[in-house]
Amino acid sequence: MMTLSVIVPTLNEEKDLSRCLESLNYLDATVIVVDSGSQDKTVEIAKKAGAKVVEHPFESYSAQRNYADNLVNEGWILSIEADVTVPPELALEISKAIQSDKFTAYKIERINNIWGKNIMHSDWGPKDDCHIWLYKKGSGEWKSQVHEEYFTDGKTGKLNNRLYHHNYDSISEFLDKENRYSELAVKQHTQFPWFWPIRDFIKRYFWKQGFLDGYHGLFLSYLQSIYFITLSVKNWEFLHKRVDD
């Protein structure tokens, strides 16, 4: 029987963590919460739910996940976020998948609930938000400081059921996270051509059919294009400060 460990990186996640950990009751798994200095009740909630809690300073999103993976000795790893839940039907599929040697990693689609609506288009739909979240220990590693991805040379499959991502309750929360991402992107020297905001809006709203998501799709397409403008301005600010210094 192959073992399963669930990794949940946290930082001030008291709003979502209980719901996440409760959904893991459908899995026969060891739950490891890797906390990077929460000031709320995150750690208390994790311990009360029976999760193993490990404190580790935040370096980057990928570094945090790789550190967490190293805490696991063997078996399979499901690496999720505190605002993600695992539906019972997906838990059953995961339990079956890890007993097979057919694949060393699995992609899983996510349904993103943003501002109270399940987003099915706008480049936020399940088909677009499909990444490796389930993998064998040592089969690869997480890369990129922002929007981290798991990379493996092993054979990758795809599960039929989906994770549920309780993503962004408000526009303010969305903007706060985009601000954090842009700060990390500047440190990573990430840059895009001047036309990227226009390109991204057209891609999301028209090609990815964001208009089918109603005003949610319009606002998401617009705010995501603003992210690229913000990143350009922050890169300009960073370069000028470096010159002045």
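Residues in region 1-41 that are among the small types (Gly, Ala, Ser) and part of a strand (DSSP E or B): Ser5 only.
Could you say whether any residue in region 220-236 is assigned to a strand (DSSP E or B) and either outside the structural domain of Tyr67 (by TED's automatic domain parsing) or of a type in the set (Lys, Arg) (or both)? Looking for residues that are assigned to a strand (DSSP E or B) and either outside the structural domain of Tyr67 (by TED's automatic domain parsing) or of a type in the set (Lys, Arg) (or both), one finds none in region 220-236, hence no. Restricting the search to strands (runs of 3 or more DSSP E) fully inside region 66-176 and requiring at least 2 residues that are under 22 Å from Ala51 (Cβ atoms) gives 76-79, 105-114, 130-136, 163-166. Of all residue pairs spaced 6 or more apart or on separate chains, those with beta-carbon atoms under 9 Å, a first member in region 165-194 that is farther than 14 Å from Leu239 by Cα and a second member that is basic (Lys, Arg) and in a loop (DSSP other than H, G, I, E, B) are Asp169/Lys15.
Residues that are of a type in the set (Val, Ile, Thr) and under 25 Å from His240 (Cβ atoms) were ranked within region 186-211; the one that is farthest from the chain's Cα centre (by Cα) is Ile198.
Among residues belonging to region 13-34 that are surrounded by fewer than 21 Cβ atoms within 10 Å (Cβ to Cβ) and touching a helix residue (DSSP H, G or I) at 6+ places or on another chain (Cβ under 6 Å), point out the one that is farthest from His56 (Cα to Cα). Applying the filter and picking the extreme gives Tyr26.
Comparison of Glu149, Glu93 shows that the only residue that is assigned by TED's automatic domain parsing to the domain that holds Ala29 and out of contact with any His (no Cβ under 8 Å at 6 or more places or on another chain) is Glu93. Within region 180-196, the residues that satisfy the criterion of being under 30 Å from Leu11 (Cα atoms) and in a helix (DSSP H, G or I) are Arg180, Tyr181, Ser182, Glu183, Leu184, Ala185, Val186, Lys187.
The values are calculated or read from the model by the stated rules, or taken from the named source; none is laboratory data. Just so it is clear, the structure is predicted and the values come from calculations on it, not from any experiment. Heads up, the Cβs are rebuilt from the backbone with ideal geometry, glycines too, and the neighbour counts pull from every protein chain shown.
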